[in-house]
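**Q** Let me begin by handing over the structure; questions about it come next.
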Amino acid sequence: MGGWAITIHGGAGVDPNLPMERQEQAKAVLGRCLEIGIAALRSGAAAVDVAELVVRELETDPVFNSGRGSALTALGTVEMEASIMDGRHRRIGAVSGLSTVKNPVSLARLVMDKSPHSYLAFSGAEDFARAQGVETVDNSYFITEENVGMLKLAKEANSILFDYRVPLENTCGTSAGSVVTMDSGMQMNGLPISIYAPE
Amino acid sequence: TVGCAVVDSQGWCAAATSTGGLMNKMTGRIGDSPLIGAGTYACNLCAVSCTGEGEAIIRGTLARDVAALMEYKGLGLQEAVDYVINERLDEGKAGLIAVSNRGEVAYGFNTIGMFRGSATENGFMEVGIWE
């Protein structure tokens, strides 16, 4: 065996004009979460426990699109999803359509460990969460001012589904009034690359 | 989307992925993150977590394909990741992170950037965004 190793991500599809301040903020969160994982691995924790632990930390920080700070639906609500897989026995757990569960990855873990199923969604997943006593919060906990602004821009810019966050005014190289005009020449999904921000 | 792939000191691999999905998505939309084999996969050889446009990741069954290339074709971790990114994924759509049971880390993406970080027992540690 080659020893432990860990790798994490906070989303793909980054605005090339992302301000340095935002880049440093994201790197700081990644570094902190990596250190949490490293400490757990050094103490002998199992891979599946470390994966859950680290993703919980990433979910809790609104810098990335999961948990608090999640992307919004067209109706302005949050519907989160998560999964976990333990390669040891190919055990899996997955959840979708969550609106009140603070840490979706931990509910996925409970689906894996405490249910006879692999995947629960929407009201069934929420019911399971309550039966398991996991921490729940009001849907508004997940909705940040930044995401409300991003949804507004997404709706104004185009009716298509956005893969990545649309940057707010003066944050990521675009503004509300010029979402589709600041074209650096590159396009993604038929839209100027300049309108895309971190997922 | 956020994700983590880990191999522990016993050589066991695990992966987890969590997301809010797409901004302005339709209610009821399911992405790749909860779909085992698409956005997340782990077995005795490797663990993988994906991020990007869920529909493209689902079409490419990216996570499972990395494992399958290692299992059936005997590719190394980075080779398998590169193959999947270059041959199975639509241009500009997504990225992924992976570990092997041998303590290797790998990543690949064809978007402008991907927020990522890696560390190994031998002291390697890296946090990055761009290529």
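Readers should treat all values here as calculations from the given coordinates under stated rules, not as data from a laboratory. These numbers were taken from a predicted model, which means no experiment stands behind them. Positions of Cβ are backbone-derived with ideal geometry, glycine not excepted, and every protein chain shown enters the neighbour counts.
**Q** Charges only on Cβ, +1 for Lys and Arg, -1 for Asp and Glu: so what's the dipole of the stretch B:41-131 about the Cα centre, in debye to the nearest 20?
**A** Numbers: 7 positive and 13 negative charges, 41 e Å.
For this selection, approximately 200 debye.
**Q** Return the FRET efficiency for the residue pair A:Phe122, B:Gln78: r is the Cβ-Cβ distance, R0 is 51 Å, and the value is rounded to the nearest 0.05.
**A** 0.85
**Q** Only sites in a loop by DSSP and with at most 15 other Cβ atoms within 10 Å count here; which trypsin sites (Lys or Arg not before Pro) in the stretch B:23-131 make the cut?
**A** Passing sites in the stretch B:23-131 are B:Arg102.
**Q** State to the nearest 20 debye the size of the charge dipole of the stretch A:37-101 about its Cα centre, where the only charges are +1 on K and R beta carbons and -1 on D and E beta carbons.
**A** Dipole size: approximately 240 debye.
**Q** Tell me the net charge near B:Val66. Cut-off is 13 Å between Cβ atoms, B:Val66 excluded, with +1 for each Lys or Arg and -1 for each Asp or Glu.
**A** Every neighbour counted, the sum reads -3.
**Q** Got a sec? How would B:Tyr72, A:Tyr119 order by Cβ neighbour count within 10 Å, fewest to most? Each step should come with its number before you reach the end.
**A** Values: B:Tyr72 8, A:Tyr119 21.
Exposure proxy ranking, most exposed first: B:Tyr72, A:Tyr119.
**Q** Can you list the trypsin sites (Lys or Arg not before Pro) in the stretch A:1-86 that are in a DSSP coil and have 15 or fewer other beta carbons within 10 angstrom? Please list the in-between numbers first.
**A** On the way: sites: A:Arg22, A:Lys27, A:Arg32, A:Arg42, A:Arg56, A:Arg68; in loops: A:Arg68.
Here no loop site has a sparse enough neighbourhood.
**Q** Scattering from the C-alpha atoms of the stretch B:78-131 alone, worked out with Debye: what is log10 I(q)/I(0) at q = 0.13, 0.19, 0.27, 0.32 1/Å?
**A** Taken in order of the listed q values, log10 I(q)/I(0) reads -0.33, -0.67, -1.11, -1.29.
**Q** Compare B:Leu96, B:Leu22, B:Leu45 in a GNM of chain B, Cα atoms joined below 10 Å, and give the one with the largest fluctuation.
**A** B:Leu22
**Q** Suppose R0 equals 25 Å; then what is the FRET efficiency for B:Glu71 and A:Lys114 from their Cβ-Cβ distance, rounded to the nearest 0.05?
**A** The value I calculate is 0.25.
**Q** Using Cβ contacts closer than 10 Å as the measure, can you line up A:Ser118, A:Ser70 from fewest to most?
**A** By the 10 Å Cβ count, ascending: A:Ser118, A:Ser70.
**Q** Could you give the length gained on full extension between A:Gln132 and A:Thr60, defined as 0.36 nm per residue of separation minus the Cα-Cα distance, in nm?
**A** Details: separation 72, 0.36 × 72 = 25.92 nm, distance 2.00 nm.
Gain on extension, A:Gln132 to A:Thr60, equals 23.9 nm.
**Q** For B:Glu121, what residues show an amide H to amide H distance below 5 Å, using hydrogens built from the backbone and excluding near sequence neighbours?
**A** A:Trp4
**Q** For helix B:62-73, report the angle its Cα long axis makes with the longest principal axis of the Cα atoms of chain B; keep it between 0 and 90° and round to the nearest 10°.
**A** Value to nearest ten degrees: 40.
**Q** Here's another thing I want to ask about it. Relative contact order (percent) for the stretch A:6-146, with alpha-carbon contacts under 8 angstrom and 6 or more residues of separation?
**A** Values: 209 pairs, mean separation 26.3, N = 141.
Rounded, it is 19 percent for the stretch A:6-146.
**Q** Could you please tell me the mean projected area of the C-alpha convex hull for the stretch A:1-97, averaged over all directions and given in square nanometres to one decimal?
**A** One quarter of the hull surface, i.e. the mean projection, equals 8.0 nm².
**Q** With unit charges on the beta carbons (Lys and Arg positive, Asp and Glu negative) and the dipole taken about the Cα centre of the protein assembly as shown, which residue among A:Phe64, B:Gly74, A:Phe128 sits farthest to the positive side?
**A** A:Phe128
**Q** Shielding by partners for A:89-98, please: the mean number of other protein chain Cβ atoms within 10 Å of each residue's Cβ. Don't jump to the answer; show the numbers that get you there.
**A** Numbers: counts 3, 5, 2, 7, 3, 8, 3, 9, 5, 3.
Per residue, the average neighbour count from other chains is 5.
**Q** Can you run phi through the Karplus equation (6.51, -1.76, 1.60; θ = phi - 60°) for the stretch A:115-132 and list ³J(HN,Hα) in whole Hz, with x for Gly and Pro?
**A** Here the 3J(HN,Hα) series is 10, x, 10, 10, 8, 10, 9, 6, 4, x, 5, 5, 4, 5, 4, 5, 5, 8 Hz.
**Q** Next question, about the same structure. Excluding A:Val54 itself, calculate the net charge of residues whose Cβ lies under 11 Å from the Cβ of A:Val54, where each Lys or Arg counts +1 and each Asp or Glu counts -1.
**A** Summing Lys and Arg as +1 and Asp and Glu as -1 gives -3.
**Q** Which FRET efficiency value, to the nearest 0.05, do you get for A:Gln23 and B:Thr27 by plugging their Cβ-Cβ distance into 1/(1 + (r/R0)^6) with R0 = 30 Å?
**A** Between A:Gln23 and B:Thr27 the formula returns 0.40.
**Q** Stokes-Einstein diffusion coefficient for the stretch B:62-104 at 20 °C in a medium of 1.002 mPa s, Rh from the Kirkwood formula over Cα pairs: what value in µm²/s?
**A** In µm²/s, the coefficient is 205.
**Q** Which value, in debye to the nearest 20, gives the size of the charge dipole of the protein assembly as shown about its Cα centre, when Lys and Arg are +1 and Asp and Glu are -1 at the Cβ?
**A** 580
**Q** In whole Hz and in residue order, list the ³J(HN,Hα) couplings for the stretch B:87-104 that follow from phi through the Karplus curve 6.51 cos²θ - 1.76 cosθ + 1.60, θ = phi - 60°; x for Gly and Pro.
**A** Couplings: 10, 10, 10, 4, 4, x, 9, 6, x, 8, 10, 7, 10, 10, 5, 9, x, 8 Hz.
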